[in-house]
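Comments concern the structure below.
The values are calculated or read from the model by the stated rules, or taken from the named source; none is laboratory data. If you're wondering where the values come from, they're calculated on a predicted model, not measured in any experiment. Every residue, glycine as well, gets a Cβ built from its backbone with ideal geometry; the counts of neighbours run over all protein chains shown.
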Amino acid sequence: MKATLSPSSLTCLPHRKVSSFQSPSLLLRTLRPSSASMTMTAARGNVAVTASATSVEKLRQGIAEFYNETSGLWEEIWGDHMHHGFYDPDSSVQLSDSGHREAQIRMIEESLRFAGVTGPFLNTLLLMIDEEEKKIKRVVDVGCGIGGSSRYLASKFGAECIGITLSPFQAKRANDLAAAQSLSHKVSFQVADALEQPFEDGRFDLVWSMESGEHMPDKAKFVNELVRVAAPGGKIIIVTWCHRNLSEGEEALQPWEQDLLNKICKTFYLPAWCSTSDYVKLLQSHSIQDIKCADWSENVAPFWPAVIQTALTWKGLVSLLRSGMKSIKGALTMPLMIKGYKKGIIKFGIITCQKPL
Ligand code: SAH
């Protein structure tokens, strides 16, 4: 389906090794559809989707229904973070439930560190020395789930945070949890589309997208919106499922690789996938600085086996059956995620950058 890289291949590196890019270089290429009736085309830093309005609307509805139906189960078993945990590579330690929850928090912390987001102590210091504009005061959580990241970031930075999701169930649950934690004055959640965000330009010091990019049918529009709502000097963090970067001369993924992704797309309501390098290229088409990316696939490897293990407990199975077909299909698709990572088709990518002051 998706883009090869230009000769100066924009390869993302494993954790801690960082690649930075300045000048845009993108080949014209056609991206094959990974899910029914969606075709993506990339040209000069512009990944456009030629999907019919109906198929986009159907996808949006599917995503909303999927999360309306499955979020309760996920929260019951895994808590309020609906994202992968971050682990040391090759960690063979058998983790407890709380160990996995800590790994999910660690994912947030590692993402902030990778992006060079100033910690709360320095944040306060910057304010004291009148560097007001560098402080994280306003955060948008794009694709917020039930608001785990928003509440965490609001508490950490003392910032205001607005979360958006397509699922009315999630927005309500996220607001209820914020109220229960006395955070309603700081965080709020609403149903809104990441591709048409209801915010004015330049509003947020931190634009946070944790595992929502994979749902976006138009990656170029998604990136445009992230850049648009970022304040001057604001950081953008995208953590997302990608397919592998194509090698030089390669036009598309192998058919068997594409087949595997298509099966995952159906269950998890995903449109065509793209690579980490495609995100980099999209960002390079904007006036944006410090573009960095990394491949954290090794750091998330223990996650899906752990999710499967919890699904196979008595509590997991009963909850799964109660939750309905979408959750059951989701559980049956998890081994494909593991296969995708093991075969190197699926990559867990982080891409970060900063809007110039
Ligand atoms: N970031 C959260 C949840 C990740 S699950 C966490 O880490 O816990 C993916 C989320 O993306 C869901 O909340 C889903 O509603 C949201 N999402 C998917 N497509 C979206 C879109 N077009 N606009 C807004 N939210 C979207």
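Summary table below
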| item | result |
| --- | --- |
| Single match in LEU283, LEU332 (criterion: more than 17 Å from the chain's Cα centre (by Cα) and of a type in the set (A, V, I, L, M, F, W, C)) | LEU332 |
| Test: residue in segment 200-215 that is more than 19 Å from GLY148 (Cα to Cα), hydrophobic (A, V, I, L, M, F, W, C) and within 14 Å of the ligand (Cβ to nearest atom) | no |
| Test: GLU160 is of a type outside the set (Lys, Arg) and out of contact with any strand residue (DSSP E or B) (no Cβ under 7 Å at 6 or more places or on another chain) | no |
| Residue list for segment 200-234, filter: touching a strand residue (DSSP E or B) at 6+ places or on another chain (Cβ under 7 Å), surrounded by fewer than 24 Cβ atoms within 10 Å (Cβ to Cβ) and over 20 Å from SER111 (Cα atoms) | GLY202, ARG203, PRO217, ASP218, ALA220 |
| Residue that is at pLDDT below 95 and more than 19 Å from LYS292 (Cα to Cα), where the choices are GLY158, GLY233 | GLY158 |
| Residue satisfying condition, being surrounded by 19 or more Cβ atoms within 10 Å (Cβ to Cβ), assigned to a helix (DSSP H, G or I) and not β-branched (Val, Ile, Thr), within set LYS292, LYS339, LYS281 | LYS281 |
| Leading residue by the ranking (surrounded by the fewest Cβ atoms within 10 Å (Cβ to Cβ)) among those in segment 295-318 that are modelled with pLDDT of 85 or more and part of a loop (DSSP other than H, G, I, E, B) | ALA301 |
| Any pair with Cβ under 6 angstrom, 6 or more apart, that starts in segment 203-217 at a residue that is free of Cβ contacts under 8 Å to residues at least 24 places away in the same chain and ends at one that is more than 6 Å from the ligand (Cβ to nearest atom) | none |
| Residue match in segment 265-277 (condition: assigned to a loop (DSSP other than H, G, I, E, B) and at positive phi) | yes |
| Candidate set: segment 319-336, residues that are within 18 Å of GLU75 (Cα to Cα) and aliphatic (A, V, I, L, M); chosen: the one surrounded by the fewest Cβ atoms within 10 Å (Cβ to Cβ) | MET325 |
| Of all residues making up segment 281-320, the number that are over 30 Å from GLU225 (Cβ atoms) and among the hydroxyl-bearing types (Ser, Thr, Tyr) | 3 |
| Hits in segment 157-187 - residues which are surrounded by fewer than 18 Cβ atoms within 10 Å (Cβ to Cβ) and either within 15 Å of the ligand (Cβ to nearest atom) or among the acidic types (Asp, Glu) (or both) | PRO168, LYS172, ASP176 |
| Residues of segment 342-357 that turn out to be aliphatic (A, V, I, L, M) and exposed (fewer than 14 other Cβ atoms within 10 Å of the Cβ), as a count | 1 |
